[in-house]
Each structure stands twice: as structure tokens, then as C-alpha cells.
Amino acid sequence: MKSSNSYTYIFVIAMAIVSALLLSVLSTSLQERQEFNKLLDTRKNVLKTVDALEAGMSDMAIEELYQSSFRKKVITDTEGRERVYYLYGSPEKPEGYVLPLSGKGVWSTINGFIALESDRNTIKGISFYDHGETPGLGGEIEKDFFSGRFIGKKIFRDGELVSITIAKNKLMKPSEHAVDGLSGASLTTGAVNSLLREDLEAYLGMLKEPDKEE
Amino acid sequence: MIMAKAKTIDTFLGPLSRSNPITTQVLGICSALAVTVKMDTALVMTGALVFVLVGSNTIVAALRNLIPSRVRIIVMLTIIATLVIVIDELLKAFVYDISKQLSIFVGLIITNCIVLGRAEAFALKNSVTASALDGFGNALGYGLILVLVAAAREFLGSGTLLGLQIIPDFLYVENGGWYVNNGLMILAPGAFIILGLLIWLQRTINGYKEE
């Protein structure tokens, strides 16, 4: 009986149903918590770009700090799509601007944030928090050592948007508009280069004259 | 009776040293390199493997007389995959930061040779209790090496243990001292070196010889 085909089929089907049931119940019951964690992680990353995140902050403190220090703004970009950005500090005296970044990576979409100083030119911080890049290679874009390289760089040259380019390897000479590359991550850095350029271009109007768009 | 007891103890203790899955059988190296930069990730990974290995060995042993032998590998893989997804979902819900650092390596427990290896070689032929013990022993044997490697790498590479600063701040170059963390230890080659030294040490003590 045990070696018959029908027994094998029944066993395999029963097994598949049991595990599918178990997993769907688990996934549904944990969904809320996971989504909360994800949202909190996004908040943390926004705060990290403006260097406001302190180690050991409680979930509540993070949420409060986020709510109190950022103002959400909506603009229409050159293609007529709505884009969101966040004003850091008070509207009268802005301390910085945080723009969401999103674009095609090697394996999946790369999401991140870039924070600019109040001059809307100097980079205050950058962070990539959600991506599917290869761990250890392209995945290194999420590490602090890499995002730290962007701080203080400029996105405009003589009023022209030039964005920031990640070099193929080490920079030949210091540049205000480029950073050292990651070895073994040519495809990821290429993807990040183009998503940076595309997203910054979409915000060009706001970057040049923020008050007009409000 | 005494014989049986000695065998039970051996089932549990053997994998910790003499038949350690990493140092003796050289299985599960991929994750051992990837998650041992810091001790907290190594500990969580160990916990995840204990859960999966004890769970899969227990379930496979309990079903060992029911599993049709022609499809046993795929059945065992389904059991293992289910358990891995369970632990991955739990980590995402309760320790999100660590689960982010472990990234795909929790998912890759499915392909960890130790798990399928123990199910096929042990759990299919032994009782539930013995299999659970065998799974627990093997997972701890794996975890022991992971934690040792992680401790060495975190100490030499970051000057901390479990996030606590061990090497005094004033010794660092930035603060006018002379000490610099060893950057090699943060990268995968550092893990290879530590692991190699551990295997050497353990084989010297146990008098293990390659056949």
C-alpha cells in the first residue's frame, strides 16, 4: 500500500495543504506587526539622512521626532506626476529637504532617501533602506561607510544639475560631484547613478525655487 | 541500559566536537562566513537553526514510517522550507533590525546541508527523541563554531563584543592612541582565516585524520 502511486499522491497533497495552511495563518497574523516594523524602519532612515537618529531611541520617540521635525510637501514634477518631499525644520527657516529615491536595481527596486542642506545643493545624508541587491556586493549600498561618502557633495555645478556619480572604482582626483565606487558592484552602482539623476531631475523645479511649488 | 544511555549522550554531544558539522564535516560554511561579523547576528542565526533542525528532525522522525520513500527528499524539503519560512516571518515581526542584517541567510537555511543531511542520515531511521536530540546537538555544534568565529571577528574587527566596547577608546588612533581595528576581520576572508585556525586546533586536539 505504502509504495502505491495513490498513497504517494495523497501524502504529498495532504502535506502541501497542511504547510500552506500553517504558513498563511502565520503570515496573516504577523502582517500588522511586520508592516509596523517596516514603517518604523522607513522613519528611521529618513531621520538618519538628516543625522537626527540617536542610538537606543524607543519606537515612540522615533515616531514623535519624525512627526515633529518633518513636513510633507507635494509637488507636480515635469511629467505631471505627483511627488512627495519632506521639509526638515520649520517652514520659515528650513534646515533641509528630504527627497525619496526610487528606481530599478539589479534584482529589485531600490528605495532610499536623500537629504539636502537648506541651500538645496549640498548633500546632508543619503540612505538606501529597501533593496534586493546581492548581499556583500551591491547590498553594501545600505552600509554607513558607503552612504557617508556622499555627505558634503554637491548636486549642482554652476547652476546646472549634475547629480552625483559613483565612480567605477576609486576616484582619480577629488570631486564635489562623485564618490568612490564599490568593488564587485558595477551593476548596482550604475543603477544607483541613474536613479539619483532621474529622481533629482524630477525635483528640479522645487530644487531651484522651492517657494513657487507650495 | 547503560549502553543506551551512553548512546543518547553521544547523539547529543558528538556533534559539539568530534563530529561537529562545521569543523569536521565542513558543512554550512556559506552562512558561517556571512553572519559572523557580529555576535548578535550569529546568536540569532544559531537560534533559527536550532528551531529548524530540531523541528525538521522531530517531524521527519515522527513521520518516518509514513513518508513514501520515493518522494522522501521533496517531503523533507517541504518540511524544512515550511519551518524556515515560519522562523523568517517571526524574526521579521519581532527582531526586524537583526532580520534585516541576516537578510537572505535565514532563507538559505533551506539549502544548509546540515538540515537535510541530518533528516536523511538520522531522523529517517531513528526515534523522535533521539532525532530531536541529534538535531539539537548538531544545531548547537554549528552555533558554537558560529559564535566563536563571530566573537573573534567582532573583537578584532570592531573592538566590541555583543556591541559593548571592549578595547578602551583612548587606545584608538583617532583619540591619540596607537590601535586600529583590523578591517580584514569584517570581510569574508577574515572568517576563512578564523575558521581555518579553529578547524586546525580542533583536529589537533581530537587527533582527527583525513581518510
Please give the number of the condition B:D10 fails out of (1) modelled with pLDDT of 90 or more; (2) open to solvent by 50 Å² or more (accessible area, probe 1.4 Å). (1)
Can you name the condition, by its number, that A:K48 falls short on among (1) of a type outside the set (A, V, I, L, M, F, W, C); (2) more than 17 Å from the chain's Cα centre (by Cα); (3) under 28 Å from A:L137 (Cα atoms)? (2)
Being closer than 17 Å to B:I29 by Cβ and in contact (Cβ under 8 Å) with a residue 40 or more places away in the chain is the filter here; which residues of segment B:93-109 pass it? B:L102, B:F105, B:V106, B:L108, B:I109
Which ranges mark the helices (runs of 4 or more DSSP H) fully within segment B:47-131 that have 1 or more residues being touching a strand residue (DSSP E or B) at 6+ places or on another chain (Cβ under 9 Å) and either surrounded by 19 or more Cβ atoms within 10 Å (Cβ to Cβ) or at pLDDT 95 or above (or both)? none
The residue from A:V50, A:V74 that alone is buried (at least 18 other Cβ atoms within 10 Å of the Cβ), modelled with pLDDT under 85, more than 12 Å from every other protein chain (Cβ to nearest Cβ) and on the phi < 0 side of the Ramachandran plot is A:V50
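Quick one: which helices (runs of 4 or more DSSP H) lie wholly within segment A:120-214 and hold at least 1 residues that are of a type in the set (S, T, Y), open to solvent by less than 50 Å² (accessible area, probe 1.4 Å) and touching a residue at least 12 places away in the same chain (Cβ under 8 Å)? Let's see the steps before the verdict.
On the way: elements: A:144-147, A:186-202, A:204-208.
Filter on segment A:120-214 gives A:144-147, A:186-202.
Quickly run through segment B:65-92 and pick out the residues that are basic (K, R) and either touching a residue at least 60 places away in the same chain (Cβ under 8 Å) or facing chain A (nearest Cβ under 7 Å) (or both). If you could, list the steps in order and put the result at the bottom.
Step one: list which residues in segment B:65-92 are basic (K, R), which gives B:70, B:72, B:92.
Matches in segment B:65-92: B:R70, B:K92.
I'm trying to understand the selection: among the residues of segment A:183-204, which are among the hydrophobic types (A, V, I, L, M, F, W, C) and under 18 Å from A:N111 (Cα atoms)?
A:A185, A:L187, A:A191, A:V192, A:L195, A:L196, A:L200, A:A202, listed by residue number.
The values are calculated or read from the model by the stated rules, or taken from the named source; none is laboratory data. Computed from a predicted structure; not experimentally measured. Heads up, the Cβs are rebuilt from the backbone with ideal geometry, glycines too, and the neighbour counts pull from every protein chain shown. Quick note on the areas: whole protein, heavy atoms, side chains included, nothing else; ligands and nucleic acids left out. Shrake-Rupley method; radii C 1.70, N 1.55, O 1.52, S 1.80 Å.
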